[in-house]
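To start, the structure itself, in structure tokens.
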Amino acid sequence: MKVILTEEVPTLGEPGKIVDVAPGYARNFLVPRKLAVYANTGNVKELEHHKRRLDRKNQKLQAAARSTSERINGQVLIIEGHAGKEGKLYGSVTSADIAEQLKAKFDVDIDRRKISLREPIRTTGHHAVDIHLMGDTRATVTINVIDTSHKEEAPAPAAPAVTEPVAPAAPAEEEA
């Protein structure tokens, strides 16, 4: 009996695949659990229509991902942080921080989970970060982490000293 899988079944395949299974397996397990539907002509036509619709949607998403990749690929993001004398940050730069900077600088919404960091950035300097946008579309962004805790600050101008006028001393009378 032919059925169309609606969910992934490890022994049979992924959703949308038409498979041939035993009638009892389909009737007693797959269909009641909504893992599959019978492959009659109406369901097959609906599946083909659904696949065409998904293909069009994926093409639009791929085009958007490519344009986003072209906009951000090779760009440099500057992230400020406080670091010790050896260049180690007191905190760390995470993928959420990078996503926030991308939104602020390029007006691009990228999910933090699509930014691949093996571990958070904990040192100052330049760091290359890969971003997986969709399918084969990727971008590489350079993160420049700079230390803001050791900036040379100009000394504040000193306030003028307030002096009270000193009363002139009375001429001392000479004793003769």
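The values are calculated or read from the model by the stated rules, or taken from the named source; none is laboratory data. Because the structure is predicted, anything quoted here is derived from the model rather than measured. Glycine gets a Cβ as well: all are built from the backbone with ideal geometry, and neighbour counts include every protein chain shown.
Condition test on residue 108, is it at pLDDT 90 or above, in contact with a strand residue (DSSP E or B) (Cβ under 6 Å, 6 or more places away or on another chain) and not polar (S, T, N, Q)? Answer is no for this residue. Can we say residue 122 is at negative phi, in a loop (DSSP other than H, G, I, E, B), outside the structural domain of residue 20 (by TED's automatic domain parsing) and not small (Gly, Ala, Ser)? No.
Matching residues to (1) under 24 Å from residue 65 (Cα atoms); (2) free of Cβ contacts under 8 Å to residues at least 60 places away in the same chain; (3) of a type in the set (A, V, I, L, M):
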| position | (1), (2), (3) |
| --- | --- |
| 82 | no, no, no |
| 90 | no, yes, no |
| 115 | yes, yes, yes |
| 120 | no, yes, no |
| 125 | no, yes, no |
| 130 | yes, yes, no |
| 141 | yes, no, yes |
| 148 | no, no, no |
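Residues in region 12-21 that are surrounded by 11 or more Cβ atoms within 10 Å (Cβ to Cβ) and within 12 Å of residue 1 (Cβ to Cβ) were compared, and the one that is farthest from the chain's Cα centre (by Cα) is 21. If you go through region 92-113 and keep only what is free of Cβ contacts under 8 Å to residues at least 12 places away in the same chain and either among the aliphatic types (A, V, I, L, M) or at positive phi (or both), you end up with 104, 107.
Listed by position, the strands (runs of 3 or more DSSP E) contained in region 1-106 that have at least 3 residues being out of contact with any helix residue (DSSP H, G or I) (no Cβ under 6 Å at 6 or more places or on another chain) and assigned by TED's automatic domain parsing to the domain that holds residue 130 are 76-81, 88-93. Pairing each residue of region 34-54 that is closer than 16 Å to residue 14 by Cα and modelled with pLDDT under 90 with any residue that is of a type outside the set (D, E, K, R) and surrounded by 11 or more Cβ atoms within 10 Å (Cβ to Cβ), provided the two are 6+ apart or on different chains, yields C-beta distances under 6 Å for 47/4.
The numbered conditions (1) touching a strand residue (DSSP E or B) at 6+ places or on another chain (Cβ under 8 Å); (2) hydrophobic (A, V, I, L, M, F, W, C); (3) more than 28 Å from residue 132 (Cβ to Cβ) are all true for residue 77 except (3). The residues listed here are 136, 107; of these, the one that is of a type in the set (Asp, Glu) and within 13 Å of the chain's Cα centre (by Cα) is 107.
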